[in-house]
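In what follows, a single structure is set out as structure tokens and then discussed.
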Amino acid sequence: MLTLTRRERFNAAHKLYREDWTQKQNEEVFGKCANKNWHGHNYELFITVKGEINPITGYVIDLKWLSDILQKKVIEALDHKNLNLDVPFLKGKMCSTEVVAIEIWKIIADDIEGQGAKLHCVKLMETENNFVEYYGPNI
């Protein structure tokens, strides 16, 4: 069993905010991340797949295919967008890094399985100091 990782990047704005709370409550819990005028990040996304090497291609998965599917289904949806307002798969959700990583998993896991590999980890770096790693719903 091998793992293989592809990195992609995107820029996006968001805020952490609950509509059912007051501004004061939001600021107490989310701090500057509840800024009414939003804030942004230069995200790095690492998609790790696992599987056996295909004896014909020598690949676990074709990295060009993986890059293309990530661009089409994830990066185009997120890059230079407001995560709270512009991204259909995040509508009505708290746009924390944790939630974004889980939603990315949901979007790409089946496509990766269709290529004979398994999605192993979605790692989403919000800053150089803060990131999440999601290993799927069945750990």
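Quote to one decimal, in nm, the extra length available between Glu113 and Trp65 on full extension: 0.36 nm per residue of separation minus the C-alpha distance between them.
On the way: separation 48, 0.36 × 48 = 17.28 nm, distance 1.27 nm.
Here the segment from Glu113 to Trp65 would lengthen by 16.0 nm.
So, with +1 on the Cβ of K and R and -1 on the Cβ of D and E, and no other charges, what is the size of the charge dipole of the range 72-139 about its Cα centre, to the nearest 20 debye? Could you put the intermediate results ahead of the total?
Numbers: 8 positive and 11 negative charges, 35 e Å.
It works out to roughly 160 debye.
Between exposed GluC sites (Glu not before Pro) in the chain, where DSSP calls loop and at most 12 other Cβ atoms lie within 10 Å, what's the longest gap?
Working: sites that count: Glu19, Glu52, Glu128.
The segment 53-127 is the longest one with no such site.
Modelling each spin label as a point 7 Å along the Cα-to-Cβ direction, I'd like the Lys106/Thr5 distance in nm, to one decimal.
The answer from the label model is 2.5 nm.
State the answer as a single residue: which of Ala12, Pro55, Asn26 lies farthest towards the positive end of the charge dipole of the range 2-134, with beta carbon charges of +1 for Lys and Arg and -1 for Asp and Glu, about the Cα centre.
Selected residue: Asn26.
If the only charges are +1 at each Lys and Arg Cβ and -1 at each Asp and Glu Cβ, what is the size of the charge dipole of the range 2-134 around the Cα centre, to the nearest 20 debye?
Working: 18 positive and 20 negative charges, 36 e Å.
It works out to roughly 180 debye.
What residues qualify as long-range amide H neighbours of Asn54, i.e. H under 5 Å apart, gap of 5 or more or another chain, H built at 1.01 Å from N?
Here the answer is Tyr59, Val60, since their amide H atoms fall under 5 Å of that of Asn54.
Identify which of Thr127, Thr48, Thr57 has the largest mean-square fluctuation in a Gaussian network model of the chain, with springs joining Cα atoms closer than 10 Å.
Greatest mean-square fluctuation among the candidates belongs to Thr57.
Too long at a 24 Å Cα-Cα cut-off: which of Lys72/Lys118; Lys64/Lys118; Lys81/Lys123; Lys36/Lys123? Walk me through the numbers before you get to the answer.
Values: Lys72/Lys118 19 Å; Lys64/Lys118 16 Å; Lys81/Lys123 20 Å; Lys36/Lys123 27 Å.
Exceeds cut-off: Lys36/Lys123.
Can you list residues from other chains, or at least 5 along the same chain, whose modelled amide H is less than 5 Å from the amide H of Trp38?
The answer is none.
Suppose only helical runs count, i.e. DSSP H with n ≥ 4. What mean residue ellipticity at 222 nm does that imply for the chain under -39500 (n - 2.57) per run, divided by all residues and rounded to the nearest 500 deg cm²/dmol? Don't skip to the answer; put the middle values down first.
Details: 4 runs with 37 residues, N = 139.
That comes out to -7500 deg cm²/dmol.
Going by C-beta contacts inside 10 Å, put His41, His80 in order with the fewest on the left.
Values: His41 17, His80 11.
Placing the least packed residue first, the sequence is His80, His41.
Given 0.36 nm per residue, what is the gain on full extension from Met94 to Lys50 after removing their alpha carbon distance, in nm?
12.9 nm
Please list, ordered by chain and number, the residues whose modelled amide H lies under 5 Å from the amide H of Phe131; skip anything fewer than 5 residues away on the same chain.
Glu126
For a quick check of your reading of the filter: which trypsin sites (Lys or Arg not before Pro) in the range 12-98 sit in a DSSP loop and have no more than 15 other Cβ atoms within 10 Å?
Working: sites: Lys15, Arg18, Lys24, Lys32, Lys36, Lys50, Lys64, Lys72, Lys73, Lys81, Lys91, Lys93; in loops: Lys15, Arg18, Lys36, Lys91, Lys93.
In loop regions of the range 12-98 (DSSP not H, G, I, E or B), the sparsely surrounded trypsin sites (Lys or Arg not before Pro) are Arg18, Lys36, Lys91, Lys93.
If I compute Cα extents along the principal axes in Å from the structure I just sent, which labelled value in (1) 59, 29, 26; (2) 56, 29, 21; (3) 47, 46, 24 lines up?
Only one listed value fits the structure, namely (1).
Apply the Karplus parameterisation 6.51 cos²θ - 1.76 cosθ + 1.60, with θ equal to phi minus 60°, to every residue of the range 81-98 and state each ³J(HN,Hα) to the nearest whole Hz, in sequence, with x for glycine and proline.
Working through the residues one at a time gives 10, 8, 4, 6, 10, 9, 10, x, 6, 10, 4, x, 10, 5, 8, 6, 4, 4 Hz.
Since every read-out is calculated from the coordinates, none of them should be taken as a lab result. The shown structure was predicted, so the numbers you read here are calculated from the model rather than taken from an experiment. Neighbour counts run over all protein chains shown; Cβ positions are idealised from the backbone, glycine included.
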